[in-house]
Amino acid sequence: MIIQQERIHNIHTHLKHVPYGSKITFAITGLDRFGELLQAIGFPDGFSVGESVLPAGRFGPITRFNAEGKELVHRDKPKETAYRMGVWRWKEWRGRYHTEAMSKIVEIPYKRYPRTFVPPPSVELQIVLSPNQQPIIVGPIIAYSEENAPLMVHTVNLFLEVFGECHVFTQSLEELIVVPIRRLNWKILPPGERTWEQLRSEIKSIIEREPDGNRQVIQHRFTTVNGYKPEFVAIGRAGFQGYVVFGFPKRNLYILECTKINNATYVFGTDWETLSQMTKAEILSDNLQTDRIIHRTSWYRQIKALLNRADGTQKTLPGFKN
């Protein structure tokens with residue numbers, strides 16, 4: 001069965017003859033048709049069976065929601081005070097005819113309607129072999145039920161937005177040849193200490209995707225964490241673009257930072273091999289983090305305390321401001 005339309009709203013109309021409880025997966029066949037598109041999704045040139053990736057959120061609202069989640073704005077409720085980080089610039093007098101340009105990161109309060117964050121579904125696409133030994137791309141295997149209907153609709157629409165079509169597999173799923181998943185969501189930089197200038201060259205492209213007014217705030221956060229000399233840095237790919245992990249394996253500490261300036265920093269105490277194989281939904285859940293540090297001016301003090309405590313020192317970074 002093939003679905004070919006812009007978007008679906010009701011999965012039941014496409015599965016009229018499928019009994020509840022049946023296991024279903026959605027797929028794309030004939031991968032030779034999608035060479036450059038597969039690379040845009042996040043697969044490498046010359047893909048292989050077992051590779052899995054969270055699709056980049058660049059194809060439209062479905063892939064964007066799948067990778068980043070969304071906010072529900074409650075316009076029926078009174079506005080609340082929220083805060084965003086920004087740069088305050090001013091000039092200080094340094095004597096006759098002389099001034100010096102100054103700046104610092106500040107909190108800027110503003111009013112907005114309350115919002116509820118809806119986490120991303122984080123449906124990943126994996127390459128497997130079909131029963132006739134051909135590589136195909138599949139989503140997760142889902143049991144057909146009323147409870148799972150929203151996830152099924154989302155998964156179908158994800159395929160439709162990216163590929164323009166979606167195959168429905170309801171039989172012979174046990175014949176799909178699945179090898180251990182190799183997630184491709186992170187690019188690990190060679191180990192070793194990096195100055196900010198060296199790291200900036202690696203993450204320049206993701207910072208430049210953000211508005212001009214946000215870049216100094218983002219750079220300051222990255223500079224702060226990098227100043228504690230992480231043992232490695234991993235940069236998010238595809239649907240993880242905008243995320244950077246600073247790894248401190250000797251301290252059993254991994255800091256997940258994001259280019260979104262009004263988000264949060266996630267702290268993990270698990271090993272990198274496990275963390276790198278987690279889906280985005282698992283990473284952003286509250287179950288696995290040891291800490292979550294909101295992007296406010298107190299962030300600098302909390303990060304300093306966290307890393308000093310893990311290191312057993314009380315160092316102060318050059319130029320660090322609480």
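Quick notes on this structure:
- Here is how the number arises for the chain: DSSP H runs of 4 or more residues each give -39500 (n - 2.57), the sum is divided by the residue count, and the result at 222 nm is -7500 deg cm²/dmol.
- Listed residues Glu107, Glu161, Glu147, most fluctuating in the chain (Gaussian network, C-alpha, under 10 Å): Glu147
- Between 0 and 90°, nearest 10: helix 298-311 axis offset from the chain longest Cα axis: 80 degrees
- Highest average packing first - 275-282, 192-199, Cβ atoms within 10 Å: 275-282, 192-199
- Inter-centroid distance (Cα atoms) of the range 135-190 relative to the range 222-266, Å: 28 Å
- Carbon and sulfur %, accessible surface of the range 1-74 computed with the full protein complex present, 1.4 Å: 49 percent
- Average accessible area per residue (Å²) across the range 196-290 - probe 1.4 Å, nucleic acids and ligands excluded: 41 Å²
- On Cα atoms only, tilt of 212-226 relative to the major axis of the chain in degrees: 80 degrees
- Extending 7 Å from Cα along the Cβ direction at Ile294 and again at Glu80 yields two label points whose distance is 0.9 nm.
- Fluctuation leader among Lys304, Lys23, Lys79 - the chain, Gaussian network, Cα springs under 10 angstrom: Lys79
- Here the Karplus curve 6.51 cos²θ - 1.76 cosθ + 1.60, taken at θ = phi - 60°, turns the phi angles of the range 23-29 into couplings of 8, 10, 9, 10, 8, 10, 10 Hz, with x standing for Gly and Pro.
- Of Lys104/Lys260; Lys77/Lys111; Lys70/Lys280; Lys79/Lys260, those spanning more than 20 Å from alpha-carbon to alpha-carbon: Lys79/Lys260
- The chain - Rg over Rh from alpha carbon coordinates, Kirkwood radius: 1.03
- Ranked by solvent-accessible area (1.4 Å probe, protein heavy atoms only, all chains present), the residues Phe26, Phe163, Phe47 order from largest to smallest as Phe47, Phe163, Phe26.
The values are calculated or read from the model by the stated rules, or taken from the named source; none is laboratory data. Being a predicted model, the structure only gives us computed values, none of them experimental. In this analysis, Cβ positions are derived from the backbone assuming ideal geometry, glycine residues included, and neighbour counts consider all displayed protein chains. Each accessible area value is taken on the protein alone, full model and side chains, heavy atoms only, with ligands, DNA and RNA left out. Shrake-Rupley method; radii C 1.70, N 1.55, O 1.52, S 1.80 Å.
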